[in-house]
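So the structure is just underneath, and the comments pick up after that.
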Amino acid sequence: MHRIWVVGLLALLVAGCGQQKKELRLLNWSDYMPREVLSEFEKREGVKVVEDTYDSPEAMLSKLQAGGDSEFDLLITPDYTVGTLARAGSLLELDKSKIPNLQNLDPQFADPAFDPGGKYSVVYQWGTTGLAYREDLVSGPVESWAVLFDPAKQVGRFLLLDEMREMIGAALKYKGESVNTTDPAKLAEVQALLLEAKRRSQGFAGGTSIRDRLIAGDIAVGPAYSGDILAAQSENPKLKYVIPVEGATLWTDNLVILKKSPNHELAHKFINFLLEPEIAAQISNSIGYATPVAAAMDKIEERDNPLIYPTEEKRARLELLADLGDQADAFNKVWSEVKSR
């Protein structure tokens, strides 16, 4: 009798190991995936999608280090973190035979510098990080990063973006440098610049918080992600967005599968689903960011909006954040000093 019970239990365990879990867990930026899209995937596959969110890459990495790398299946992560996660052994190499809709990508996103050949990642959305402001609250023009970094050109109360690479990158651009500069002397200048700006600011906040504080009128200006602001302009048309004259970052957020995920097959299906032209257009039309899916462009409502799809002249002033490898420590030290002092 006991032997029969044990054999039966083992059979159940073996059967369970071969079954796909009926739940897909996604870790994503806040307000970055329409619920309707998740519901459509749930309906098609007969599964439940559980989404958790983060407001900064540092918070995301902390969540993964605290055990989230085995709790989540899919992650939407910034370009410069893909290499970091891959080197740490956290990412699964994609099986492209299970993602036939990769053919719908714009070729410029198929072989990104931060992940040659798209070995671990697929671009989800892209955009720029510039300056957002309330035109009824600022006391002067908002055209340059100087509104944050030059006390004489401050135009009102402002927040700083709580994201290391973007904020250090903005300060480097203001100084006429590349956002990927690792020169110790230049980074020392940037540290001093950020500390001085911090003293005059209202502190640090995530992108969605800066958007919400602008809408509420708590601040007049702040660094922001293009899509956050453009999607919110219907709430307050006095909310504006500009790419500073010194230039800014062109970033991508990317879908990656965590190696410890129990749902590799389902995660591949989800990535393929998001690359369908109708779904890709639905996402971008809802959240206001640019799609990397070329096959979706004829369905994009704002395809002629130069703040979402910048002109070639503006694109020339934009720069991708590189994976700095071991040299990232120089940025970490600057950021640690700025945040702690």
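The values are calculated or read from the model by the stated rules, or taken from the named source; none is laboratory data. Here the structure is a predicted model, which means the values were calculated and not measured. Counting neighbours? That spans all protein chains shown, and the Cβs are built from the backbone with ideal geometry, glycine included. Only protein heavy atoms, including side chains, enter the accessible area calculation; ligands, DNA and RNA are left aside. Shrake-Rupley method; radii C 1.70, N 1.55, O 1.52, S 1.80 Å.
For region 258-341, just say rounded, prolate or oblate: build the C-alpha gyration tensor, square-root its eigenvalues into a ≥ b ≥ c, call rounded for a/c under 1.5, and beyond that prolate if a/b exceeds b/c, oblate if not. Present the calculation step by step, with values, prior to reporting the outcome.
Numbers: a/c = 2.67, a/b = 1.28, b/c = 2.09.
Oblate, because a/c is 1.5 or more while a/b does not exceed b/c.
Using the Cα centre of the chain as the reference point, and only Cβ charges (+1 on K/R, -1 on D/E), how large is the resulting charge dipole? Debye, rounded to the nearest 20.
Working: 38 positive and 50 negative charges, 147 e Å.
Charge dipole of the chain: 700 debye, to the nearest 20.
What shape does region 123-257 have by the C-alpha gyration tensor, where a ≥ b ≥ c are the square roots of the eigenvalues, rounded means a/c under 1.5, and otherwise prolate means a/b greater than b/c and oblate the rest? If you can, show how the numbers build up before the last one.
Numbers: a/c = 1.80, a/b = 1.12, b/c = 1.61.
Oblate shape, in that a/c is at least 1.5 and b/c is the bigger or equal ratio.
Hey, got a sec? Which trypsin sites (Lys or Arg not before Pro) in region 220-262 land in a DSSP loop and have at most 11 other Cβ atoms within 10 Å?
Working: sites: 238, 240, 259, 260; in loops: 238, 259, 260.
Filter output for region 220-262: empty list.
Consider just the alpha-carbon atoms of the chain and return their Rg together with their Dmax, both in angstrom.
21.6, 85
Using a probe of 1.4 angstrom, how much of the accessible area of the chain is carbon and sulfur, in percent?
Numbers: 7640 of 15050 Å².
With neighbouring chains kept in place, the figure for the chain is 51 percent.
Could you give me the percent of Cα pairs per 5 Å distance bin for region 182-249, shortest bin first, beginning at zero and ending with the bin that holds the maximum distance?
3, 14, 21, 21, 19, 11, 6, 3, 1
Which one of 124, 170, 66 is farthest out on the positive end of the charge dipole of the chain, using unit charges on Cβ (Lys, Arg +1; Asp, Glu -1) and the Cα centre as origin?
Checking the options against the dipole of the chain, the answer is 66.
Of 77, 181, 97, which is farthest on the positive side of the dipole of region 59-190, counting Cα position, with +1 on Lys and Arg Cβ, -1 on Asp and Glu Cβ, and the Cα centre as origin?
181
How large is the translational diffusion coefficient of region 194-311 in µm² per second when you combine the Kirkwood radius over alpha carbon pairs with Stokes-Einstein at 20 °C and 1.002 mPa s?
On the way: Rh = 16.7 Å.
Taking Rh from Cα pairs, D becomes 129 µm²/s.
Treat every Asp and Glu Cβ in region 76-125 as -1 and every Lys and Arg Cβ as +1, leave all other atoms uncharged, and give the resulting dipole magnitude about the Cα centre to the nearest 20 debye.
Numbers: 4 positive and 6 negative charges, 28 e Å.
Charge dipole, region 76-125, about its Cα centre: 140 debye, nearest 20.
Placing unit charges on C-beta atoms (Lys and Arg positive, Asp and Glu negative, everything else neutral), compute the dipole magnitude of region 75-191 about its Cα centre in debye, rounded to 20.
Values: 11 positive and 16 negative charges, 28 e Å.
Dipole magnitude for region 75-191 comes out near 140 debye.
With every protein chain kept in place and ligands, DNA and RNA left out, what is the accessible area per residue of the chain? Probe 1.4 Å, answer in Å². Walk me through the intermediate numbers first.
Numbers: 15050 Å² over 341 residues.
Solvent-accessible surface per residue comes out at 44 Å².
Please determine, in degrees from 0 to 90 and to the nearest 10, the orientation of helix 35-45 with respect to the longest principal axis defined by the Cα atoms of the chain, where the helix direction is its Cα long axis.
Helix 35-45 sits roughly 20 degrees off the main axis of the chain.
Dipole of the chain (Lys/Arg Cβ +1, Asp/Glu Cβ -1, origin at the Cα centre): which of 219, 275, 294 lies farthest to the positive side?
Value: 219.
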